[in-house]
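Remarks on the structure that follows.
The values are calculated or read from the model by the stated rules, or taken from the named source; none is laboratory data. Just so it is clear, the model here is predicted, and its values are computed rather than measured. Reconstructed Cβ throughout: ideal geometry from the backbone, glycine too, with neighbour counts over all protein chains shown. Surface areas here come from the heavy atoms of the whole protein model, side chains and all, with no ligands, DNA or RNA. Shrake-Rupley method; radii C 1.70, N 1.55, O 1.52, S 1.80 Å.
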Amino acid sequence: MSFAKRDDETEPKSTVETIQTEVLQRICFLDYQPGYQLKEAELAAEFCVSRTPVRDAISRINHLGLVETRNGVGTVVVALSAAQIRHVYDMRLELAKLIGTESPREITRSDCERGRDLLNAAHALLLDFAPRRYVEINHHLHGLIADLIGNSALQSFWWQTYYQAASTWYQVSLQMGAEVAQALVAELEDINRALEHGDIAAIGFIQRIHIGYGYQRINHRLLSPEAK
């Protein structure tokens, strides 16, 4: 089959975007756990910048509901409530259906290569499971799916709900171990078949199915009364 040509070069991130991405990943990996205080001066020193881009990055994260400013304390990491997490997953299920209909772009050879690399990484995870690596592979998979979305508004919401949900994956992987790696392999096998056939609509359906499966695991392991 033929593939659309695509320039693999991406625009460099701004300083604010770099700080935002790094802090978000630390929240997702629970390096910054609920209650952790984000100190502008320390982050500014770490990234060798003034406080202004740090403040801007934190402001963006605040809009995701993952941090909040408390009087007399400062900006701290917060956990989404069970109701908020359910709302996020309800939204992700709806957004997935739009991937193949709202200005999707053509699948490229590079996309297929990325998919195969992720599948190989997931197979390796079955043999040597590590929760952090599991979330990293999920992160790269999400980036691949996001890159297939041609509608900028949809892509923005897709990233937003991803970051709101990602820490739950890490928590579930700590409980379930290699079982979640098996689910990831199954998801990537489905994704790779769709990529090879150039079927962007199928990508959306596959994502909705596997988001639904993940939602069931999270609801059972983290959100149900029995999980308390």
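Of Glu106, Glu94, all but one fail to be open to solvent by 10 Å² or more (accessible area, probe 1.4 Å) and at pLDDT 95 or above; the exception is Glu94.
The listed residues are Leu118, Leu38, and the only one of them that is modelled with pLDDT of 95 or more and assigned by the TED database to the domain that holds Asn151 turns out to be Leu118.
Every residue, every condition in (1) closer than 25 Å to Ala82 by Cα; (2) touching a residue at least 40 places away in the same chain (Cβ under 8 Å); (3) of a type outside the set (Val, Ile, Thr), yes or no:
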{"site": "Ile145", "(1), (2), (3)": "no, yes, no"}
{"site": "Leu154", "(1), (2), (3)": "yes, yes, yes"}
{"site": "Ala165", "(1), (2), (3)": "yes, yes, yes"}
{"site": "Leu174", "(1), (2), (3)": "yes, yes, yes"}
{"site": "Asp190", "(1), (2), (3)": "no, no, yes"}
{"site": "Gly204", "(1), (2), (3)": "no, yes, yes"}
{"site": "Gln207", "(1), (2), (3)": "yes, yes, yes"}
{"site": "Arg221", "(1), (2), (3)": "yes, yes, yes"}
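Looking only at residues in the stretch 54-72 that are part of a loop (DSSP other than H, G, I, E, B) and open to solvent by 70 Å² or more (accessible area, probe 1.4 Å), the one that is nearest to Ser224 (Cα to Cα) is His63.
Which one is surrounded by the most Cβ atoms within 10 Å (Cβ to Cβ) among residues in the stretch 23-53 that are hydrophobic (A, V, I, L, M, F, W, C) and under 19 Å from Tyr162 (Cβ atoms)?
Among those that are hydrophobic (A, V, I, L, M, F, W, C) and under 19 Å from Tyr162 (Cβ atoms), it is Ile27.
Does Asp111 meet the test of being among the acidic types (Asp, Glu), in a helix (DSSP H, G or I), open to solvent by less than 60 Å² (accessible area, probe 1.4 Å) and at pLDDT 90 or above? Please lay out each step first, then the result.
On the way: among the acidic types (Asp, Glu): yes; in a helix (DSSP H, G or I): yes; open to solvent by less than 60 Å² (accessible area, probe 1.4 Å): yes; at pLDDT 90 or above: yes.
Against the criterion (among the acidic types (Asp, Glu), in a helix (DSSP H, G or I), open to solvent by less than 60 Å² (accessible area, probe 1.4 Å) and at pLDDT 90 or above), Asp111 qualifies.
Can you find a residue that is touching a strand residue (DSSP E or B) at 6+ places or on another chain (Cβ under 8 Å) and surrounded by 15 or more Cβ atoms within 10 Å (Cβ to Cβ) anywhere in the stretch 115-128? Among the residues of the stretch 115-128, not one is touching a strand residue (DSSP E or B) at 6+ places or on another chain (Cβ under 8 Å) and surrounded by 15 or more Cβ atoms within 10 Å (Cβ to Cβ), which makes the answer no.
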